[in-house]
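Written out below as structure tokens is the structure these notes cover.
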Amino acid sequence: MKNFSITVSINGFIKFALLFCFLVLTQWCNAQNKINGKKIFETRCLVCHQSDGGGVPNMNPPLDGATNVNGKDIARLVNIIRNGYDERVALDGMYYNNAMTANPDLKEDAIADVLTYVRNSWSNKAGAVTISQVKAALLKNKAVKK
Amino acid sequence: MKKQIQLVSIALFAFCMSVIAQENAGLKLPEGFKANLYANNIGGARHIAITKSGVVFAKLNNPNKEGNAIIRLEDANNDGVADKINGFAKFSGTGIFVKGNSLYASSNEAVFKYELNSKDEVVNPLTPLTIVSGLLDRRQHNSKSITFDMANNIYVNIGAYSNACQEKDRTPGSQGMMPCPILDSAGGIWKFDGTKENQTYKDGKRYATGLRNVLGLDWNTETNKLYVAQHGRDQLNSFYPNLYTDAQNAELPAETFYEINEGDNAGWPYVYYDPSQHKKIVSPEYGGDSKKEGSAEFKEPAVAFPAHMAPMAVLFYTGNQFPAKYKNGAFISFHGSWNRAPLPQEGFFVAFIPFKNGKATGEWEIFANGFAGTENGAKVTNTGKAKARPCGLAQGLDGSIYVSDDNKGAIFKISYSK
């Protein structure tokens, strides 16, 4: 009986330790992704969407608080980053006149990082974007284009 | 008790400070000038025009909460503040101009004409005449600013739907198209007959070309010439980081102000103006290296302003209220940059361009500042945070000038007294 409870607790400890390591690691990875995402944002996006994510009235839409940015349609966001965006659409009821730059050279992990960053910056608190989500979105887009 | 006195005096101090802060509607002006809010929150107001009886018309960028995109404002009791405000028209756009008993307004693809009655009320708010239609609107740079010469010709800006005429707009590594095919129908100023209905491109004439996007244009009635202010290209550092640093991009290219003669070519997209080298430089999309000088055939600017400040309107001052130095000079509004980021933004003011013997001297000075409403006049970092962004300019009957704000739609009235 005594032995048994010790094994359980050792077992539990290992499990706990593993889980702990896993959590720390994912947190660390997330943090790394966010740092990388921030860097990409600053070099490629900040000029238009501004450092506070507030955009420029009538020109470039805000990313902070934007419904689509915090929304579930990850594939749409991925394709906007990769291909740019130049359509007559209302975003949260407003129209914007500028054309967004395409990023044909941004790798899948970089797209995931920058989207994770904008979805978790300023007042945004949406889920991280994974590389597999990015891959799936780009594949689907290719299929549609053919 | 002591504490109470302290509190009261703090409150009193705060109240005084807020009154002081609102002095001149928050604007900073030269000695002897004062400003007040003529109207506020009418909706993002682009250009404005004033009738012979002093009624102000403002063209809103988009219809406001009431669904109106042209607003009529009247100061019936003559206290400097609009007290009769109403609106009409549903179309987005920028341009508005009063010519005699006619009110012209532009959408992003057409110019319409309304009739005014003896009280300067619009007779046909629902049924304007179409003067010009079918002008290109491809979203980017689609506003059609308008002005008239001293006859009945109307001059319409048709902005280039592109940054630098690349094969793929705003795409790194994409080359500039040669010749730039956009220039046959955009990237210039077109001239039409202001009295004739139902004109399209074929009835007009390309009056000037090589102008990326002109928001501010006005006729100098002293010298009988058109003047325009161009919005220079963006993103030199984003696409050519090996040629331009962030700091260089923040200063390149100049926002340029031109005296225009028929047939002039200001050189977009092939060249841009570098204000520190005082030269037209070949665009990197066309093989430039930030130093190679462009062709001499392209027009020299009359004044070069700091980059990206976004000139929105030009107004030649013909009034007698302001000191003599302002007469026949030009006011120019800048609604403020975004493309200087990550460096702080510039603009958000109205500047004055002195003229001597009918020519710009090349100098300029800030006339009215403080529109952005930042603490202690600090620089704006994020353009969206600027409180007001000066846009339209018009001269009142008494020689005051009016400045509209295309953010929330304030209208400032600026006057002078000795």
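Test B:ALA310 against the criterion of being of a type in the set (A, V, I, L, M, F, W, C), open to solvent by less than 30 Å² (accessible area, probe 1.4 Å) and within 13 Å of chain A (Cβ to nearest Cβ), and give yes or no.
On the way: of a type in the set (A, V, I, L, M, F, W, C): yes; open to solvent by less than 30 Å² (accessible area, probe 1.4 Å): yes; within 13 Å of chain A (Cβ to nearest Cβ): yes.
Here the answer is yes, as B:ALA310 does meet what is asked.
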Look at A:ASP113 and say whether it is surrounded by fewer than 19 Cβ atoms within 10 Å (Cβ to Cβ), part of a helix (DSSP H, G or I) and more than 14 Å from chain B (Cβ to nearest Cβ).
-> no
Criterion violated by B:GLY370 - all others in (1) more than 19 Å from A:VAL56 (Cβ to Cβ); (2) small (Gly, Ala, Ser); (3) touching a Phe, Trp or Tyr at 6+ places or on another chain (Cβ under 6 Å) satisfied | (3)
Set B:SER174, B:SER106, B:SER118: member being of a type in the set (Ser, Thr, Tyr) and within 23 Å of the chain's Cα centre (by Cα) | B:SER106
Select from segment A:124-142 the residues that are open to solvent by 10 Å² or more (accessible area, probe 1.4 Å) and either within 14 Å of chain B (Cβ to nearest Cβ) or part of a helix (DSSP H, G or I) (or both) and list them in ascending order.
-> A:ILE131, A:SER132, A:GLN133, A:LYS135, A:ALA136, A:LEU138, A:LEU139, A:LYS140, A:ASN141, A:LYS142
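Could you please find all residues in segment B:360-403 being among the small types (Gly, Ala, Ser) and within 14 Å of another protein chain (Cβ to nearest Cβ)?
Those that are among the small types (Gly, Ala, Ser) and within 14 Å of another protein chain (Cβ to nearest Cβ): B:ALA372, B:GLY384, B:ALA386, B:ALA388.
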Within segment B:107-128, can one find any residue that is among the aromatic types (Phe, Trp, Tyr) and open to solvent by 30 Å² or more (accessible area, probe 1.4 Å)?
-> yes
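Any chance segment A:65-81 includes a residue that's within 13 Å of chain B (Cβ to nearest Cβ), closer than 20 Å to A:LYS125 by Cβ, in contact with a strand residue (DSSP E or B) (Cβ under 6 Å, 6 or more places away or on another chain) and of a type outside the set (A, V, I, L, M, F, W, C)?
Initial filter on segment A:65-81 (within 13 Å of chain B (Cβ to nearest Cβ)): A:65-66.
Subsequent filtering for residues that are closer than 20 Å to A:LYS125 by Cβ retains A:65-66.
Restricting the remaining residues to those that are in contact with a strand residue (DSSP E or B) (Cβ under 6 Å, 6 or more places away or on another chain) gives none.
No, segment A:65-81 contains no residue that is within 13 Å of chain B (Cβ to nearest Cβ), closer than 20 Å to A:LYS125 by Cβ, in contact with a strand residue (DSSP E or B) (Cβ under 6 Å, 6 or more places away or on another chain) and of a type outside the set (A, V, I, L, M, F, W, C).
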Lone unmet requirement of (1) within 12 Å of chain B (Cβ to nearest Cβ); (2) surrounded by 14 or more Cβ atoms within 10 Å (Cβ to Cβ); (3) over 17 Å from the mean Cα position of the chain (by Cα) for A:LEU91 | (1)
So the strands (runs of 3 or more DSSP E) completely within segment B:351-418 holding 3 or more residues that are touching a residue at least 24 places away in the same chain (Cβ under 8 Å) and closer than 17 Å to B:GLU255 by Cβ are B:390-395
Segment B:32-139: strands (runs of 3 or more DSSP E) wholly inside it with 1 or more residues that are acidic (Asp, Glu) and either in contact with a His (Cβ under 7 Å, 6 or more places away or on another chain) or free of Cβ contacts under 8 Å to residues at least 60 places away in the same chain (or both) are B:70-74, B:111-115
State which residue is surrounded by the fewest Cβ atoms within 10 Å (Cβ to Cβ) when the search covers only segment B:129-161 and only residues that are within 12 Å of chain A (Cβ to nearest Cβ) and at positive phi.
-> B:ARG139
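The values are calculated or read from the model by the stated rules, or taken from the named source; none is laboratory data. From a predicted model like this one, the values you see are computed outputs, not experimental measurements. Glycine also receives a Cβ, built like all others from the backbone with ideal geometry; neighbour counts cover every protein chain displayed. Only protein heavy atoms, including side chains, enter the accessible area calculation; ligands, DNA and RNA are left aside. Shrake-Rupley method; radii C 1.70, N 1.55, O 1.52, S 1.80 Å.
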